Structure formats: C-alpha cells, structure tokens
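Scroll down for the structure; my scribbles are underneath it.
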Amino acid sequence: MSTRSLLILPGDGIGPEVMAEVRRIIDWFGETRGLAFEVEEDLVGGAAYDMHGTPLADATMAKAQEVDAVLLGAVGGPKYDDLDFSVKPERGLLRLRKEMDLFANLRPAQCFDALAEFSSLKTEVVAGLDIMIVRELTSGVYFGEPRGIIEDGNERVGINTQRYTESEIARVARSAFELARRRSNRVCSMEKANVMESGVLWRQVVQEVHDAEYPDVELSHMYADAGAMQLTRWPRQFDVIVTDNLFGDLLSDLAAMLTGSLGMLPSASLGAPMANGRPKALYEPVHGSAPDIAGEGKANPCACILSFAMALRYSFDEGAEADRLERAVESVLAKGVRTADLMNAEGRAPASTREMGDAVLAALDASV
Ligand code: NAD
C-alpha cells in the first residue's frame with residue numbers, strides 16, 4: 001500500500017480557521033474512501049516567527065522536502081508589518097517555493113454556475129468556465145540580473161532583466177502539456193515574441209517540446225496583451241494557458257477575477273518529480289490571511305478545500321476523488337449555502353466557516 005504524506009502549515013489569520021475544515025475533509029477521505037494520509041502539522045509565517053524567531057524553521061523546511069505534498073493556509077498580518085524584511089511572514093512562503101524549486105504555478109479559473117452572478121462579466125460569458133493558467137514561478141524578470149536602481153549621469157535608472165534559459169522554458173512547457181492531456185488537450189502559450197527576444201525563445205522552445213514530445217496536444221501561441229483581451233472577451237476558448245512569471249502574475253489574477261470571489265480560488269505549485277514519481281508540491285488558497293475577518297468564523301474555507309482537491313488530483317493521482325470533492329463544493333453552492341463573502345444584497349444569513357465545512361461533508365456523505 002502506498003503511503004500518502006502531507007505537511008499542513010495553517011499559518012496566520014484565517015489560515016488555521018479554513019485549514020480546520022480541510023482537516024475534517026482529509027479525515028473523511030480516510031474513513032470513508034480508504035485514502036489514509038499521514039498528516040503532520042507545523043508552523044509557518046507569523047506563527048513560526050512568534051515561536052522560533054523565523055518565519056520558517058529549518059526543521060519545517062526539511063519536513064517539507066520529505067513529504068508528498070505541503071498544504072498551506074495563509075501567512076501575514078498587521079502584527080508583523082514592522083518586522084525586518086528578512087523575517088517577514090511572506091519570507092517563509094518564498095523560502096518554501098524557492099528551496100522546493102516549485103517552477104510551475106497552477107491557477108485554475110473555474111466558474112461554478114451558482115456563482116456566475118459574482119463575475120464582473122456577463123453570465124453567458126463566464127458560465128461553465130474552466131481554464132488553467134500555468135505560470136513559470138522561479139525565473140524571469142523577478143529574478144534576472146542585473147537588477148537595481150543606479151545613478152546614470154544626473155538621474156536614477158531602474159533596471160530589471162527578463163532572462164529565461166531553454167531548460168527553464170522546456171520544463172514548464174512540459175507541465176502544461178501534461179496537464180492538458182488530463183483536460184481538453186489544448187495549450188495556448190503566451191509571450192511577447194513581437195517585441196522581446198526572451199519571448200522569441202519562449203515560443204521556439206514551447207513549439208520544439210510540443211513537436212518532439214506532445215504532438216497529440218493542440219498548441220497555439222498568442223501575444224500576452226492579446227491574451228488578456230481574449231480572456232475578458234471569450235475566456236472559454238482556452239483550456240491550459242502557459243506563460244512566464246510576469247505575464248502569468250497578471251493573467252492569472254485577471255482570470256481569477258472572472259470567477260468572482262477570492263474565497264473560492266485554489267492554487268498549486270509543482271516542481272520536479274521525486275524518487276516516488278510524485279512532484280514536489282505546495283497547495284494553497286490564493287487569498288491571504290484576511291486580518292479584517294480573522295477569528296470571527298466568517299472565512300470561506302472553499303479555496304483551501306479546493307486546494308486539497310488539487311492535491312488529490314496532482315500529487316496522489318486520485319482524479320475521481322478530486323472530482324467528488326469539487327462536485328460536493330459545487331452542490332453546496334447550488335443549494336444556496338454561502339459564506340458572507342458570497343452573499344448578495346437580499347441573501348439569507350451567511351454560513352459560518354464551520355457550517356460551510358459541515359455542508360461540504362454532508363454533500364460528500366451523499367456522494368457515496
Ligand atoms: P487577503 O486575501 O487576506 O484579503 C483581501 C480581502 O478578501 C479581505 O477583505 C478579506 O476579508 C477577503 N478574503 C480573503 N480571503 C477570504 C476568505 N477565504 N473568505 C472570506 N473573505 C476573504 O489580502 P490582503 O488583505 O491584501 O492581505 C492580508 C494579509 O495577507 C497581508 O499580511 C498579506 O501580506 C497577506 N497575504 C498572504 C498571502 C498568502 O499567504 N499566500 C497572499 C496574499 C496576501
């Protein structure tokens with residue numbers, strides 16, 4: 001029997017509140033579906049700083065390298081705003097991403113029918129939307145050298161460098177093609193090959209990887225600015241979008257907002273396969289620690305629950321069980337159970353974090 005190990009890092013603010021609901025769901029899969037997980041819990045972010053004086057202890061980092069998947073809640077909060085940059089809560093998260101070498105950031109933009117009204121776009125444009133943005137996460141203009149602000153003559157110059165190696169492009173392209181094969185088998189690669197040499201190389205390498213290894217996947221190329229327009233005009237034309245760090249940062253936020261609320265958005269960051277064939281992996285909701293509602297039992301746990309669904313699919317190859325969990329969330333929303341972030345003006349009393357968890361568990365029970 002293969003083991004499934006998880007490191008849970010609830011973090012700060014609403015992180016522990018939403019993660020408590022995920023823990024109950026993990027237990028449900030163990031008890032009801034025979035999917036046992038070895039779960040360890042540890043500190044990250046401000047919580048780790050309070051205990052250890054660092055936002056991620058070395059021992060926690062070592063555990064993260066050993067487990068099949070890390071599930072993180074959220075980090076940060078006003079209490080830590082004045083800390084030195086080197087020990088800010090966010091540094092814990094950045095250290096995890098960097099040392100695990102998580103180069104492919106997966107951000108699904110999926111619109112549940114029951115929430116189509118929360119999109120800023122017309123319902124008929126977003127209903128049924130299901131796209132996946134794969135953003136390169138460890139290179140590009142956020143990391144390239146030279147960088148800095150220098151004096152040049154009598155004025156200052158700000159410098160950043162967009163730099164991509166062939167292997168960096170090829171590995172994230174492979175992630176996108178592999179994902180497409182599990183979905184609708186289409187990849188659209190976005191860059192600015194019209195004005196950037198790094199974009200020219202990006203386009204060439206993605207095409208080469210496609211032709212040599214994934215000829216069965218339908219590949220198209222688009223300039224990233226046109227991609228942004230197409231995402232708002234007709235988003236359902238896309239299946240998987242693969243793009244670099246900078247464009248991915250912008251396009252994934254744009255696509256996410258097509259679907260409505262921050263409280264619904266999961267993400268995964270994947271690295272190279274480990275000895276057991278599973279990729280290094282970190283799953284986390286897109287939202288932050290929401291200090292304005294922390295401790296009030298109001299947070300929507302769905303983004304964190306859907307992040308666990310991504311772990312079922314991408315770390316544990318349990319696609320059918322991931323579908324089951326996603327359908328459970330969808331059915332709860334369809335019944336009108338909503339946390340406060342998803343209430344419209346004339347809505348009934350909002351569900352608490354715990355009540356939302358209860359409703360998802362009831363839907364899971366009804367699914368077997
Ligand atoms: P945020 O995502 O925490 O909150 C933005 C708004 O959305 C708030 O009004 C909040 O109440 C609401 N919201 C977010 N998640 C929600 C949920 N699950 N249910 C209901 N409402 C929800 O972003 P922010 O306010 O800009 O940042 C707050 C703190 O979180 C900062 O310290 C920031 O650095 C940190 N942060 C952490 C991460 C992370 O851990 N990955 C990401 C973004 C921000």
**Prompt:** Could you give the radius of gyration (one decimal) and Dmax (whole number) of the Cα atoms in the range 307-368, in Å?
**Reply:** 13.0, 41
**Percent of alpha-carbon pairs separated by more than 16 Å within the range 191-297** = 70 percent
**Message:** Given an 8 Å cut-off on Cα distances and at least 6 residues of separation, report the relative contact order of the range 130-258 as a percent.
**Reply:** 36 percent
**Asked** Can you list the residues of the range 132-159 with backbone N under 17 Å from a point 7 Å past the Cα of D101, pointing along Cα to Cβ?
**Response** 136-140
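How much length would be gained if the chain were fully extended between A349 and E218, taking 0.36 nm per residue of separation minus their Cα-Cα distance, in nm to one decimal?
That works out to 42.5 nm of additional length.
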**Prompt:** How many Å² of accessible area per residue for the chain, probe 1.4 Å?
**Reply:** 44 Å²
**Item:** Candidate lysines - alpha carbon under 16 Å from K63, same-chain residues fewer than 8 apart omitted
**Value:** K98, K280
**Prompt:** Can you tell me the Rg and the Dmax, both Å, for the Cα atoms in the chain?
**Reply:** 20.6, 72
**Request:** Report the extension gain between E166 and D50 in nm, rounded to one decimal, defined as 0.36 nm multiplied by the number of residues separating them, less their alpha carbon distance.
**Result:** 37.6 nm
**Complete:** Taking R0 as 22 Å and r as the Cβ-Cβ distance between N276 and S367, the FRET efficiency 1/(1 + (r/R0)^6), rounded to the nearest 0.05, comes to 0.15
**Listed peptides 106-112, 316-322 by packing density, highest first (mean Cβ within 10 Å)** = 106-112, 316-322
**Item:** Percent carbon-and-sulfur accessible area, the chain, ignoring ligands, DNA and RNA, probe 1.4 Å
**Value:** 51 percent
**Message:** Counting pairwise Cα distances across the range 130-258, what percent come out greater than 25 angstrom?
**Reply:** 26 percent
**Request:** Using label points projected 7 Å from each Cα along Cα→Cβ, tell me how many nm separate E66 and A320, to one decimal.
**Result:** 3.3 nm
**Fill in**
Output row, site K79, 7 Å Cα→C-beta label point, backbone N cut-off 17 Å, window the range 26-53, residues 42-53
**Request:** Counting only C-alpha contacts under 8 Å and six or more residues apart, can you give the relative contact order of the chain as a whole percent?
**Result:** 20 percent
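The values are calculated or read from the model by the stated rules, or taken from the named source; none is laboratory data. Note that the coordinates shown come from a computational prediction; the quantities given were computed from them, not determined experimentally. All Cβ positions, even for glycine, are placed from backbone atoms using ideal geometry, and neighbour counts span all protein chains on display. Heavy atoms of the whole protein, side chains included, go into the accessibility calculation; ligands, DNA and RNA do not. Shrake-Rupley method; radii C 1.70, N 1.55, O 1.52, S 1.80 Å.
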